[in-house]
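Below is one structure, written out as structure tokens; comments come after it.
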Amino acid sequence: MKTILTIPLILAGLVPAVPARAQIVGPVGHGELPACPDSGGNHLNYVPATGTFSCGTSDGNPATLTGLTAGTGLAGGGTTGNVTVSLGPIGNSTVLGNVSGSTTAPSALTPAQLTALVQPFTSSLSGAVPASGGGTANFLRADGTWAAPAAGAGSGLYSKVLSPTPTVASLGSITLVGAAPAVTNAPNGVLVTGTPGSGFGFTLAAPAPPYSITVLAASAPEPVSNTGLTTIGFTNGTQLQIIRTDSTGYIWVQNFNSISSYNSTAKESSQSHYWEPTTLLKIRDDGTNVYFMISMDGYNFTTLYSTSKSSGFLGASGYTKIFFGTSGGANSVTLMSWVQGN
């Protein structure tokens, strides 16, 4: 450690005309500090080899850089001369990021990886849009779900509540089930046919709850049987829980082990003599419960039966598909309107 001492000279009470100069006291011995103006980046340098101070803009004992190596994700570097380090090249249509799940050097991310990093949009934040599920008619709602357009585009008596005439293509991806099933386009909708008197129809994946499906359908009764005309309901791919009408005026909610194997009746209405060639039926899933409904006007629906999914015939995770067709007793069923709502 060096100490700077300032010693005032007092002679007979007089202050000298020139100020005393600072001296260095310490292991390097005594010596004077050189003049070093505080400008131009000057600073004092101590040189251990000589035990002296000097004034200048460079370090008195500079370090020597022997090399610069580019780390992960960087390019360049070198051991002599002026060297440059920059970001290394990455593939086209990629961005730098980290999806490893821990702290690490960034790497090139693909569009799919980048999409997974983006938060879904909300009512207050911008973000990624959920997958649409295909099709051409559904629209994206403000709550982040895809939904079918509101009813009202139909024509005729029920134009306020029905859809345009459905086609096989508008149904999307369907699976035919039952006895010799087939679907074809008809002037008034989708004609579903199969072995007369047997169960047949089609299934398709259910939308994400909450949703409802309303159908207007017409059935051609099989002359030998009076059961299972127009039918719509839920299925897990094998078992079914459906609502149907028959030609004697009863409305049923029934459980089936398969399209051809009856299990039990969940609800049987009183004989209302309600049977018409055209029938308005509706099913609904609010996420917790399922509902089976019928209507005379297409607007006001009566719930015939409801149950919680957890205690329902198909179980909590079994209400995954929609069934439409007949559970037996019809030669054919024509789907004239299909409306998805809440």
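The values are calculated or read from the model by the stated rules, or taken from the named source; none is laboratory data. As the structure is a computational prediction, the values presented were derived from the model and not from experiment. Ideal geometry is used to build each Cβ from the backbone, glycine not excepted, and the neighbour counts take in all protein chains shown.
Any residue in the stretch 281-292 that is over 25 Å from residue 316 (Cβ atoms) and either modelled with pLDDT of 90 or more or surrounded by 13 or more Cβ atoms within 10 Å (Cβ to Cβ) (or both)?
Checked against the condition, which is being over 25 Å from residue 316 (Cβ atoms) and either modelled with pLDDT of 90 or more or surrounded by 13 or more Cβ atoms within 10 Å (Cβ to Cβ) (or both), the stretch 281-292 yields no hits at all.
Exactly one condition in (1) under 60 Å from the mean Cα position of the chain (by Cα); (2) at pLDDT 75 or above is false for residue 53; which is it?
Looking at each condition in turn, residue 53 falls short on (1).
From the list 227, 214, 238, which residue is closer than 24 Å to residue 305 by Cβ, at pLDDT 90 or above and buried (at least 20 other Cβ atoms within 10 Å of the Cβ)?
214 is the lone residue from the list that is closer than 24 Å to residue 305 by Cβ, at pLDDT 90 or above and buried (at least 20 other Cβ atoms within 10 Å of the Cβ).
In the stretch 81-195, which strands (runs of 3 or more DSSP E) lie fully inside it and hold 2 or more residues that are of a type in the set (A, V, I, L, M, F, W, C) and at pLDDT below 85?
85-87
Filter the stretch 193-217 down to the residues that are of a type outside the set (Gly, Ala, Ser) and more than 17 Å from residue 178 (Cβ to Cβ), then identify the one that is farthest from the chain's Cα centre (by Cα).
216
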